[in-house]
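What follows is a single structure, written as structure tokens, with notes after it.
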Amino acid sequence: MNIEDFDFNLPEELIAQTPLKDRTASRMLVLQHQTKKVEHKQFTDIKNYLKKDDCLVLNDTRVLPARLYGTKQDTGANVEVLLLHQQEADTWEVLVKPAKKVNIGAVIVFGDGKLRATCVGLKDHGGRILQLEYDGFFNQILDELGEMPLPPYIKKQLPEKERYQTVYATEEGSAAAPTAGLHFTNELLDDIRSMGVSIEFITLHVGLGTFRPVSTDRIEEHKMHAEFYHMSKETADALSSVRANGGRIITVGTTSTRTLETIARDNGGKFAESSGWTDIFIYPPYDFQAIDGLITNFHLPKSTLIMMVSALAGRENIMHAYQEAIKERYRFFSFGDAMLIL
């Protein structure tokens with residue numbers, strides 16, 4: 001398929017720059033992909049579309065305040081560092097800007113010396129390997145010095161870091177939030193549980209590759225970034241039980257979808273305890289083995305994420321639904337409104 005098949009025009013004013021004060025106050029477009037029916041609802045109406053014995057699968061990753069601003073020890077030049085993932089101990093793969101100023105042996109100082117980083121390796125596209133030095137607890141220092149790595153289309157800084165975390169975020173390691181989960185509160189999750197709907201958690205640490213544009217005309221030629229995932233035996237057993245009892249598995253977010261589809265692909269369509277790195281690329285046509293529905297946000301034109309939802313609901317259905325969302329002035333992207341695909 002051609003990349004242009006997944007393009008659409010979005011008025012810039014529909015890109016949500018800040019989250020709503022009330023997490024559950026978002027709107028929700030519902031797409032029944034078999035009937036092509038589109039409904040306009042509030043997010044709290046999600047309860048009307050869930051049934052006893054269904055299961056919601058949520059990604060419990062937690063975003064690191066991974067953007068740091070420092071200076072080169074020798075020249076005083078300003079350097080921006082974005083932590084991507086921890087390799088071992090205090091060695092991290094990062095993105096550096098401007099990268100040309102940071103070569104092997106360069107030392108970057110943050111927060112008047114509270115944190116120091118020595119470049120010990122070079123990667124492509126501004127990537128570097130840094131060895132960190134500090135006194136005390138790294139997470140405390142990072143929380144003090146770091147900023148949330150918001151997507152590039154969000155121009156405003158976020159005054160409250162927790163607003164870019166889901167209420168159930170526990171496993172630190174992401175460079176971006178699984179934003180479909182931002183609509184939930186603990187109270188709403190409790191209400192859903194009381195309906196007989198089970199709620200299970202997986203972990204996928206979201207990398208910045210989620211914002212990387214597709215650079216090939218033919219989408220089949222695009223290479224996906226790899227992200228670390230984990231699913232416990234308890235979750236695998238619970239999902240197997242849901243399937244056996246005829247319940248539906250509905251993922252919250254594309255990250256949960258990628259995780260379950262990777263595990264099902266690698267285990268003959270079944271669920272099993274699993275950890276590893278996935279670079280699965282889901283685009284039409286695709287035979288979903290793990291999920292029956294998806295709660296997601298609205299995605300960037302020509303992105304791998306709009307390709308994934310097109311694989312689930314059909315490209316024409318998605319493009320029609322997106323035009324409806326634009327017409328009805330939905331809020332788009334990370335801090336925007338939600339979409340339910342069943």
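The values are calculated or read from the model by the stated rules, or taken from the named source; none is laboratory data. Quick caveat, the model's predicted, so the values are computed rather than measured. Heads up, the Cβs are rebuilt from the backbone with ideal geometry, glycines too, and the neighbour counts pull from every protein chain shown. To get the accessible areas, we keep the full protein, side chains included, count just its heavy atoms, and leave off ligands, DNA and RNA. Shrake-Rupley method; radii C 1.70, N 1.55, O 1.52, S 1.80 Å.
Worth a mention:
- Among the numbered conditions (1) closer than 22 Å to Leu68 by Cα; (2) touching a strand residue (DSSP E or B) at 6+ places or on another chain (Cβ under 7 Å), the only one that Lys161 does not meet is (2).
- Residue list for segment 156-165, restricted to those being in a loop (DSSP other than H, G, I, E, B) and either in contact with a Lys or Arg (Cβ under 8 Å, 6 or more places away or on another chain) or open to solvent by less than 10 Å² (accessible area, probe 1.4 Å) (or both): Gln165
- Residue match in segment 55-76 (condition: free of Cβ contacts under 8 Å to residues at least 40 places away in the same chain, within 24 Å of Leu342 (Cα to Cα), among the hydroxyl-bearing types (Ser, Thr, Tyr) and surrounded by fewer than 13 Cβ atoms within 10 Å (Cβ to Cβ)): no
- Some residue of segment 301-321 being outside any helix (DSSP H, G or I), modelled with pLDDT of 95 or more and crowded, with 20+ Cβ neighbours inside 10 Å: no
- Lys36 without any contact (Cβ under 8 Å) to a residue 60 or more places away in the chain and either charged (D, E, K, R) or touching a Gly at 6+ places or on another chain (Cβ under 6 Å) (or both): no
- Selection status of Asp5, outside any strand (DSSP E or B) and under 23 Å from Ser310 (Cα atoms): yes
- Annotation: of all residues in segment 220-232 being touching an Asp or Glu at 6+ places or on another chain (Cβ under 9 Å) and at pLDDT below 95, the one that is most open to solvent (accessible area, probe 1.4 Å) is Lys223.
- Exactly one residue out of Glu234, Glu200 is part of a strand (DSSP E or B) and more than 27 Å from Val96 (Cβ to Cβ): that is Glu200.
- In segment 130-139 there is at least one residue that is of a type in the set (A, V, I, L, M, F, W, C) and open to solvent by less than 20 Å² (accessible area, probe 1.4 Å).
- Only one of the listed residues (Ile280, Ile263) is open to solvent by less than 20 Å² (accessible area, probe 1.4 Å), assigned to a loop (DSSP other than H, G, I, E, B) and touching a residue at least 12 places away in the same chain (Cβ under 8 Å). That residue is Ile280.
- Residues being among the acidic types (Asp, Glu) and outside any loop (DSSP other than H, G, I, E, B) - total across segment 35-82: 3
- Boolean, Thr296 is within 20 Å of the chain's Cα centre (by Cα) and within 15 Å of Ile202 (Cα to Cα): no
- Boolean, Ile250 is buried (at least 20 other Cβ atoms within 10 Å of the Cβ), touching a Cys at 6+ places or on another chain (Cβ under 9 Å) and outside any loop (DSSP other than H, G, I, E, B): yes
- Qualifying residue in segment 201-217 (condition: open to solvent by less than 30 Å² (accessible area, probe 1.4 Å) and free of Cβ contacts under 8 Å to residues at least 60 places away in the same chain): yes
- For segment 11-26, filtered to residues that are farther than 19 Å from Glu187 by Cβ and not β-branched (Val, Ile, Thr), the residue that is surrounded by the fewest Cβ atoms within 10 Å (Cβ to Cβ) is Glu12.
- Subset of segment 39-54 (residues that are over 18 Å from Phe333 (Cα atoms), free of Cβ contacts under 8 Å to residues at least 60 places away in the same chain and of a type in the set (S, T, N, Q)): Asn48
- Residues that are free of Cβ contacts under 8 Å to residues at least 40 places away in the same chain, of a type in the set (Gly, Ala, Ser) and within 13 Å of Gly70 (Cα to Cα), drawn from segment 112-131: Gly113
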